[in-house]
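One structure below.
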Amino acid sequence: MTNLLAPIINALKVPELRRKIIITTFIIIVYRIAAHIPAGGVDINALKSLFSGNQLLGLLDIFSGGTLANFSIISLGLNPYINASIVVQLLTMVIPSLEALSKEGEYGRQKINQYTRYLTVPLAIVQSIGMFTLLKNQGVITDVTPISMLTIIITMVAGTIFSMWLGELITEYGLGNGISLLIFAGIVASMPVALFQTASVVDSQQIINVIIFLGMSIIVTAGIVFVNEARRQIPVHYARRFLGGKEVGGSSTYLPLRVNQAGVIPIIFAVSLVLVPSFAGQYLAQLQSVPLQTVGRFLVANFQVSSLTYNITYFLLIIGFTYFYTAVIFNPVKISDEIKKSGAFIAGIRPGSATATYLNYILVRITLAGAVFLGIVAILPTVASQMTGITTLAIGGTGILIVVSVVLDTAKQFESKLVERNYERFLK
């Protein structure tokens, strides 16, 4: 136990790491407190009944950190910001000026983040109007006057901006990726509720099914850790050179390519989009137009969490976003240029464009393995719930992907800060 706590104890002795840990913890506590402050104008009992009977709403509540089920002031959570990030990154690939901006280092990253914040506001307004309409149609909102509608919409938009600000504070001053950590905190906070619900409805005949489900969760967790840590090691050799009359180079190293370069981002993006057809269908089904009602009922019927269409769409979105985000964060041309400038080469591959082509060839294939694994794990809880009949743990099981990935990424940043600190002390 002492060995496990040793890194944390050592980190608390370092002023910089101690400050980052305190800031991160404090911001997460503030976020969770805000998640329990109700916005008002809603029948909470009717709202909880609605969410408990709808798996899609329950899934959305999980990824909003439990803020929707009690209609808190941050009820929309970070969903508008995530959707804005998707749109901006897609536009970066098709608009030359944005693509050029993304290559301008820290300045370009800040500008793109600023555009993402700007886009978050209109998306939050649209989503808040949609959520207000959905809850009104379900009889959850008790006051439907224009003033009440405007107040609820402004509250939800302000809550999204506040959540986005907290996430960026963690990223800048805390430890880890702020947006991912806030989503992680929401999922972890919702897991005890899922376990309690399961314990309250499971009888003696279903104990074996619960054990099977928990066993599958352990296997899935181990698989996520294995895939996240998996690397394809590409040997890189340095040519021998003479500098100042001395021979340098001639050594070898490895270029590690992660099987899952995109990490947890594809899961977050896919969840944000796969819920859209069902919510759009529920809205269209309430309209007066018969053709639109037909389309709405079709979308609602075919995009339930347990439906085949939903799971296939979810699976394909994860694969697509894994490739998309990998292309954003890993540039084979840039890597090949850096290898060439450092006087290194890959055995049997010519420097320059041939090296970039080879790296892309390897990356496409190992990314496929990582993407398919993430897709299978994402839909596995639904399959398990169909087999065992336990639905209360299926939503929590989906969150394992994000929880494990965020823990691993944060632990790596934590470890890198400790190593960096040790190097600084050695140099002094």
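The values are calculated or read from the model by the stated rules, or taken from the named source; none is laboratory data. All figures in this text were calculated on a predicted structure; none of them were measured in a lab. When we count neighbours, we look across all protein chains shown, and the Cβ atoms used for this are built from the backbone with ideal geometry, even at glycine. Heavy atoms of the whole protein, side chains included, go into the accessibility calculation; ligands, DNA and RNA do not. Shrake-Rupley method; radii C 1.70, N 1.55, O 1.52, S 1.80 Å.
A 1.4 Å probe, protein heavy atoms only, puts the accessible area of Leu90 near 90 Å².
Could you sort the peptides 124-130, 286-292 by per-residue average Cβ neighbour count (10 Å cutoff), highest mean leading?
Details: 124-130: 18.6, 286-292: 10.6.
Averaged packing, sorted descending, gives the order 124-130, 286-292.
Annotation: amide H of Ser306 has no partner in the under-5 Å range at sequence separation 5 or more or interchain, hydrogens built in the peptide plane.
Annotation: amide H-H contacts under 5 Å for Val42 (H modelled 1.01 Å from N, sequence separation of 5 or more, or interchain): Thr142.
For Lys111, neighbours were defined as the other residues whose beta-carbon sits under 14 Å from its Cβ, and their charges (Lys and Arg +1, Asp and Glu -1) total 0. Exposure check, 1.4 Å probe, all protein chains in place: Glu415 carries approximately 110 Å² of accessible surface.
Taking θ as phi - 60° and the Karplus parameters 6.51, -1.76 and 1.60, the scalar couplings of the range 88-100 work out to 5, 5, 5, 5, 4, 7, 10, 9, x, 5, 5, 5, 5 Hz in sequence order, x denoting glycine and proline. Distance from the Cα centroid of the range 22-53 to that of the range 309-347 is 37 Å (rounded to whole angstrom). For Ser72, the residues 5 or more places off, or on other chains, whose built amide H falls under 5 Å of its own are Ala39. For the range 156-165, putting each phi into the Karplus relation 6.51 cos²θ - 1.76 cosθ + 1.60 with θ = phi - 60° gives couplings of 5, 5, 4, x, 5, 4, 5, 5, 4, 5 Hz, in residue order, rounded to whole numbers and with x for Gly and Pro. Averaged over residues, the count of other Cβ atoms within 10 Å places the peptides 252-259, 79-86 in the sequence 79-86, 252-259, highest first. Taking θ as phi - 60° and the Karplus parameters 6.51, -1.76 and 1.60, the scalar couplings of the range 261-271 work out to 5, 7, x, 8, 4, x, 5, 5, 4, 5, 4 Hz in sequence order, x denoting glycine and proline.
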